[in-house]
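The values are calculated or read from the model by the stated rules, or taken from the named source; none is laboratory data. Quick caveat, the model's predicted, so the values are computed rather than measured. Because the Cβ atoms are built from the backbone with ideal geometry, glycine has one as well, and the counts that use them run over all protein chains shown.
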Amino acid sequence: MNATVGIVLVSHSAALARGTADLAAQMGAGRVRVVAAGGTDDGGLGTSIDKVRQALGEADGGVGVLVLPDLGSAVLTVRALLALDEPLPAPLEVADAPFVEGAVAAAVTAAAGRDLMSVLTAAQEAWHARKL
Amino acid sequence: MQESCEAVVMLTGDLHARPAASLAIAAAGFEASIAFLVGDRRADAKSVLSVMAIGATSGQQVRILAEGPDAPQAVEALRDLLAQATQVGA
């Protein structure tokens, strides 16, 4: 199987990140690395640079990683990590998208073997997808 | 060469999340643009969120419309998948 774009879900809640990752991974037919980075280092509500860093490493299959934050302030943690100038998976994009819908759309698009920019677009198009 | 092609499938079960994902993954593998039409609703077959939102249920007819160089292959593949994916227990 060819490598697919990896996905990192950054949430303030470990349970929310894990549950969304499970759902997205299954929708991606088991072909996509969807890694949860939820909660603080001591298991509380919040985000953790170390968890995001570790998740990026786990999600990296060599063809790019999409990072999806749950709420605006999770973006700050992701940006703080990117600003450290450490070696990180490349290419890497941060998606501005609804969390559950974006994760599912991204996983399905990655499972189809599409590139990082297509996966990013699929996640961000979730803003326009009505469910009713 | 642009070709257009279509087929109709009668659903034997509701179109839930996992089959919708399988359809979108398969559709993304074709160059043709592909739509599912149910009543007056239309979904982009390559968008899983769009396919789920169409809310297709057992007994409804789904029209598959494809346009593009591989339209016939796309319609054939999605017709089969749609028939399988909505079987009870899928």
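Only one of (1) touching a strand residue (DSSP E or B) at 6+ places or on another chain (Cβ under 7 Å); (2) under 18 Å from A:Leu116 (Cα atoms) fails for A:Thr4. Which number is that?
(1)
Identify, by number, the condition in (1) touching a Gly at 6+ places or on another chain (Cβ under 9 Å); (2) part of a loop (DSSP other than H, G, I, E, B) that A:Ala123 doesn't meet.
With respect to (1) touching a Gly at 6+ places or on another chain (Cβ under 9 Å); (2) part of a loop (DSSP other than H, G, I, E, B), A:Ala123 is out only on (2).
Could you identify the single residue in A:Val100, A:Val119 that is out of contact with any Pro (no Cβ under 7 Å at 6 or more places or on another chain), modelled with pLDDT of 95 or more, within 14 Å of chain B (Cβ to nearest Cβ) and surrounded by fewer than 21 Cβ atoms within 10 Å (Cβ to Cβ)?
Step by step, each of A:Val100, A:Val119 is checked, and only A:Val100 is out of contact with any Pro (no Cβ under 7 Å at 6 or more places or on another chain), modelled with pLDDT of 95 or more, within 14 Å of chain B (Cβ to nearest Cβ) and surrounded by fewer than 21 Cβ atoms within 10 Å (Cβ to Cβ).
If A:Ala80 satisfies all but one of (1) closer than 16 Å to A:Ala37 by Cα; (2) surrounded by 20 or more Cβ atoms within 10 Å (Cβ to Cβ), what's the number of the condition it fails?
(2)
Filter the range A:28-41 for residues that are within 14 Å of chain B (Cβ to nearest Cβ) and within 14 Å of the chain's Cα centre (by Cα) and give the result.
Selection gives A:Gly28, A:Val32, A:Val34.
Each row is one residue, and each column tells you yes or no for (1) exposed (fewer than 14 other Cβ atoms within 10 Å of the Cβ); (2) within 14 Å of chain A (Cβ to nearest Cβ); (3) without any contact (Cβ under 8 Å) to a residue 24 or more places away in the chain; (4) not charged (D, E, K, R).
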{"residue": "B:Cys5", "(1), (2), (3), (4)": "no, no, no, yes"}
{"residue": "B:Ala21", "(1), (2), (3), (4)": "no, yes, no, yes"}
{"residue": "B:Ala28", "(1), (2), (3), (4)": "no, yes, yes, yes"}
{"residue": "B:Ser33", "(1), (2), (3), (4)": "no, no, no, yes"}
{"residue": "B:Leu65", "(1), (2), (3), (4)": "no, no, no, yes"}
{"residue": "B:Glu76", "(1), (2), (3), (4)": "no, no, no, no"}
{"residue": "B:Ala85", "(1), (2), (3), (4)": "no, yes, no, yes"}
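Out of all the residues in the range B:35-49, which are crowded, with 23+ Cβ neighbours inside 10 Å and touching a residue at least 24 places away in the same chain (Cβ under 8 Å)?
B:Phe36, B:Ala45, B:Val48
Per-residue answers, yes or no, for (1) buried (at least 21 other Cβ atoms within 10 Å of the Cβ); (2) closer than 24 Å to B:Ala26 by Cα:
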site	(1), (2)
A:Ala3	no, yes
A:Val8	yes, yes
A:Asp22	no, yes
A:Ala29	no, yes
A:Arg33	yes, yes
A:Asp42	no, no
A:Leu45	no, no
A:Leu56	yes, no
A:Gly61	no, yes
